[in-house]
1. In the stretch 1-40, which residues are closer than 26 Å to Lys63 by Cα and among the hydroxyl-bearing types (Ser, Thr, Tyr)?
2. All but one of (1) more than 24 Å from Lys141 (Cβ to Cβ); (2) in contact (Cβ under 8 Å) with a residue 12 or more places away in the chain; (3) surrounded by 12 or more Cβ atoms within 10 Å (Cβ to Cβ) hold for Asn16; state the number of the condition that does not hold.
3. Among Ile69, Ile86, which is modelled with pLDDT of 95 or more and either under 16 Å from the mean Cα position of the chain (by Cα) or more than 21 Å from Ile171 (Cβ to Cβ) (or both)?
4. When you check Gly52 against the structure, is it within 24 Å of Gly110 (Cβ to Cβ), without any contact (Cβ under 8 Å) to a residue 40 or more places away in the chain and either buried (at least 16 other Cβ atoms within 10 Å of the Cβ) or touching a helix residue (DSSP H, G or I) at 6+ places or on another chain (Cβ under 7 Å) (or both), yes or no?
5. Whether any residue in the stretch 37-49 is touching a strand residue (DSSP E or B) at 6+ places or on another chain (Cβ under 6 Å), of a type outside the set (D, E, K, R) and assigned to a loop (DSSP other than H, G, I, E, B) is what I want to check.
6. Need a quick list: helices (runs of 4 or more DSSP H) entirely within the stretch 53-171 having at least 1 residues that are in contact with a Cys (Cβ under 8 Å, 6 or more places away or on another chain) and under 19 Å from Thr17 (Cβ atoms).
Amino acid sequence: MITIDSQIWIYYWQINTPEHANIKKWLNGKDENGILFKEEIILSAIIPIEIGHHLYRIADVSKEFDKNIIEDLILSLISIENCQIIDIDTILLVDVIQEMKNYSPLGIGGRDTLILSTMNRMKVSTIATHDKNILALKKYKRIDPVFDPPLILEIDEEFDKKLFEEKIKNI
């Protein structure tokens, strides 16, 4: 099981970004052997909302996306057979409120805390993200597919911020 953070999906659909090619390669693979086809994907309900917010904002500014296409993309995401959307209920909300005091000093906000709390509830230990604050959390296996090959940090493995910043320059 894996959670794929909002920004990864945004890069996947935003074909004019330098990150797009590596994300697409990682998600699709060759001959449909990528993550989309071989993993169970667990997403907090906030992820499609974040994606929509970002893509609609781009559509308003640059006309890069037609708003109907954005709606279709998000509906296709939540309809993927191996993708499970986890609703936000009161118990999860209380978990998030309690965890925010721990994550806030690390630069992790409420929406990302919701994603991490959803992962904890569902016992998902792997997240694909490009968020350096989440990449620094050693309690998860972290994958950053922006890079080729993807940056993979196992549980308890230290995140090297300098190496990360150097790799970004080479995208």
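The values are calculated or read from the model by the stated rules, or taken from the named source; none is laboratory data. Note that the structure is a prediction, hence the values are computed from the model and not measured. We place every Cβ from the backbone using ideal geometry, glycine too, and count neighbours over all the protein chains shown.
1. Result: Ser6, Tyr11, Tyr12, Thr17.
2. (3)
3. Values: Ile69 fails: modelled with pLDDT of 95 or more.
Criteria check complete, one pass: Ile86.
4. yes
5. yes
6. Answer list for the stretch 53-171: 67-79.
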